[in-house]
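Shown next, in structure tokens, is the structure this report addresses.
The values are calculated or read from the model by the stated rules, or taken from the named source; none is laboratory data. Keep in mind that this is a model prediction, so the values were computed, not measured. Ideal geometry is used to build each Cβ from the backbone, glycine not excepted, and the neighbour counts take in all protein chains shown.
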Amino acid sequence: MPFVENICNYRSLSIVGLEKNTGKTVCLNYLLGRLNELGVSTAVTSIGVDGEQVDSVYATAKPEIRLYEGMQFITSERHYAQRRLVSDILAVGEQRTALGRLVTARVLCPGKVLLSGAATTGMLRKQIGQFERQGVQLTVVDGALSRLSLASPTVTEAMILATGAAVSPNLQQLISRTRFLYRLINLPEVDSDLRSRLAHIPSGLWAIDSKKEVHDLGIASVFMLGRGEDNLFQYGCSFFAAGAVSDRLLKYLAAQPSIKDTVLIVRDFTKLFITPETYAEFTRRGGTLLMLQRSRLIAVCLNPTSPQGYTLNSAEACQQLSEALGCPVYDVMKCPRP
């Protein structure tokens, strides 16, 4: 697959699913096999638990994670003891998780492993940085459930999106949900000058005037909007929301007379907790939504089978979704195995 070589241009990659059981582990195994063939030094970690043999919700069989000689990985003490490969321990972390300390190891003989990694994205960023300093070319992060926060550009440089029949048995609904997230991922970025002015702001709602000067509106969160509505437009119609953004803010801005001049900047797409209907109304009325930093989407992969037992036609689903997104969509189960 052409996207595998594109991945080699980045130092870190997350694999995230639109829902649980959309084929993240299958995609991960395909990717690890190809990276091994290409001789790319690779480290693998996870948030949550991944690689289990049986799905904890549906009690269905799941593919295990297969690692190759030379690859590094991080998992908990408990799951390290259960590994089915030969490895050399490189480090044992001091911080404890529910499953024990985190063990960093290098694979000596290929096999399978259960991954249970960092509890927070902050821990994950430290792990990625550590691997980079050691000269690892690519760190791959496999996320439990549908945790999109891993795909934030503040965590990993690039991402793969997994979607599929588990999202909806109806192909058009599947396409609609995937297309909406794809649009959010690919929202345009602000210019580099404005990005440098906003990047250090940790929280709150801020105004940006015509000279690109940034002003604190005294609103700690968009969820506290009611406390500062009267002064919201004192510096103009451009705003930066440093934290999460919900429908409430977009609906409020869309109802204002100045909506056609309104620009809302968010940190990245993982901070958006909005519905397609609200986003459509905001943009229809003339509002503009921008990203401080855009996630680099490398590929969209599709799993045509759901754990409930229904299966979509893979070729038809990939073709229609590809046409809707305007980019290739891959079913890795149909690809030659590495």
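Results, tabulated for the structure shown:
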| item | result |
| --- | --- |
| Search result, residues across segment 263-289 that are buried (at least 22 other Cβ atoms within 10 Å of the Cβ) and among the polar types (S, T, N, Q) | Thr270 |
| Test: residue in segment 198-207 that is within 20 Å of Thr156 (Cα to Cα), in a helix (DSSP H, G or I) and at pLDDT 95 or above | yes |
| Filter result for Ile201 (β-branched (Val, Ile, Thr) and either without any contact (Cβ under 8 Å) to a residue 12 or more places away in the chain or surrounded by fewer than 20 Cβ atoms within 10 Å (Cβ to Cβ) (or both)) | yes |
| Residues being among the small types (Gly, Ala, Ser), surrounded by fewer than 20 Cβ atoms within 10 Å (Cβ to Cβ) and either within 24 Å of Leu38 (Cβ to Cβ) or modelled with pLDDT of 95 or more (or both) - total across segment 290-325 | 2 |
| Count of residues meeting criterion [at pLDDT 95 or above and of a type in the set (Phe, Trp, Tyr)] in segment 242-268 | 0 |
| Cβ pairs under 9 Å, 6+ apart, first in segment 19-46 and outside the structural domain of Val136 (by TED's automatic domain parsing), second surrounded by 24 or more Cβ atoms within 10 Å (Cβ to Cβ) and at pLDDT 90 or above | none |
| Subset of segment 121-133 that is without any contact (Cβ under 8 Å) to a residue 40 or more places away in the chain and of a type outside the set (D, E, K, R) - its residue that is surrounded by the most Cβ atoms within 10 Å (Cβ to Cβ) | Met123 |
| Residue that is more than 30 Å from Ser314 (Cβ to Cβ) and among the β-branched types (Val, Ile, Thr), where the choices are Ile265, Ile175 | Ile265 |
| Pair list, Cβ under 9 Å, 6 or more apart: segment 155-180 residue free of Cβ contacts under 8 Å to residues at least 60 places away in the same chain and assigned by TED's automatic domain parsing to the domain that holds Pro304, other residue of a type in the set (Ser, Thr, Tyr) and part of a loop (DSSP other than H, G, I, E, B) | Ser168/Ser306 |
| Segment 230-275, residues that are part of a loop (DSSP other than H, G, I, E, B) and closer than 12 Å to Ala207 by Cα | Leu232, Phe233, Gln234, Tyr235, Gly236, Cys237, Ala242, Thr262 |
| Subset of segment 283-303 [touching a strand residue (DSSP E or B) at 6+ places or on another chain (Cβ under 8 Å) and outside any strand (DSSP E or B)] | Thr283, Gly287, Leu292, Gln293, Arg294, Ser295 |
| 3 or more residues at pLDDT 90 or above: qualifying helices (runs of 4 or more DSSP H) within segment 1-81 | 24-38, 77-81 |
| Selection count, segment 167-177, where residues are under 20 Å from Ser149 (Cα atoms) and surrounded by 24 or more Cβ atoms within 10 Å (Cβ to Cβ) | 1 |
| Qualifying residue in segment 85-101 (condition: farther than 13 Å from Ser46 by Cα and outside any strand (DSSP E or B)) | yes |
| Segment 104-136, residues that are of a type in the set (A, V, I, L, M) and closer than 17 Å to Thr42 by Cβ | Ala105, Val107, Leu108, Val113, Leu115, Leu124, Ile128, Val136 |
